[in-house]
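FYI, it's all coordinate maths here, none of it is from the lab. Quick caveat, the model's predicted, so the values are computed rather than measured. Positions of Cβ are backbone-derived with ideal geometry, glycine not excepted, and every protein chain shown enters the neighbour counts.
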Amino acid sequence: MKQCDSNNFAYGDNRWKALLVLSVVCLLAFPLWLHRAMGKDQTTGFVVIDPGHGGIDPGTRSSTGVDEKTIVLAVAKDMVPLLKHDHIKYVLTRDRDKYVSLSDRVQIANRPGDRLLLSIHCDYFKQHGMDGFTVLYAQGASHDSHVAAHLIAVGLIHEGFICHNVRRDTRGLEVLDKSNCPAVLVELGFMSDPHDLRYLTSKSGQQRLAAGLVRGLEAYLRVTR
Ligand SMILES: [Zn+2]
């Protein structure tokens, strides 16, 4: 009988131990779950990466014969492994040298879902003296577009690039005006500037641009989701 009591006690003791272990596991797991949950929150939303031009539309051509369409596609492709690494869902409006109309680009941005459009281009100015990247958003842009524009600028500055400007678009760019989701257009640098052209056309420069853009997107998703 005593033994039986003892067994009962042992059983009860084990049960308490099990409960204690379970509690500790829960306490330890909660921050992990919270971290994961927050991580998941960070990556909700969908980024539409839009390398400008393509196919029959080369965009601007540098004095060295490099086309804007080639530079922006290279940067967009360099963004892909970084987006995957950060579990950021994305789509490219083009992943090769093909023509995509502006309305088709807007249509992709306007598909259902919590999207952000990031259109990528390069600048050109006939006279020397203009350098650095520019981030544009539409005249009547949403608050989220402003936030995205500034955080992307911060991301690029962090990678060592010079900021030429962050401002409203005054040309009425279709991809910005017609997109229903937050939308920004980044001019990565001036193809007319020798310094900018060096980073625009070098693999290391393109990878740094990609890193800066993804850094900005990460920050945007973190603060708006
Ligand atoms: Zn362009």
*Placing +1 at every Lys and Arg Cβ and -1 at every Asp and Glu Cβ, with all other atoms neutral, what dipole size does segment 81-157 have around its Cα centre, in debye to the nearest 20?*
260
*In a shell of Cβ-Cβ distance under 12 Å around HIS146, excluding HIS146 itself, what net charge do Lys and Arg (+1) and Asp and Glu (-1) give?*
+1
*Report, by chain and number, residues whose modeled amide H sits under 5 Å from the one on VAL166, excluding near sequence neighbours (fewer than 5 apart, same chain).*
VAL135
*Above-threshold pairs, the threshold being 26 Å between Cα atoms, out of LYS69/LYS203; LYS178/LYS203; LYS69/LYS126; LYS89/LYS178; LYS84/LYS178; LYS89/LYS126*: LYS178/LYS203; LYS84/LYS178; LYS89/LYS126
*asked:* How many angstrom lie between the Cα centre of segment 133-194 and the Cα centre of segment 95-112?
replied: 18
*What number comes out for the charge environment of GLN127, summing +1 per Lys or Arg and -1 per Asp or Glu over other residues with Cβ under 15 Å away?*
-3
*asked:* Using a 10 Å cut-off around each Cβ, can you sort GLU187, GLU159 from fewest to most neighbouring Cβ atoms?
replied: GLU159, GLU187
*Could you calculate the contour length gain from ARG168 to ASN180, that is, 0.36 nm times the residue separation minus the distance between their Cα atoms, to one decimal place in nm?*
2.7 nm
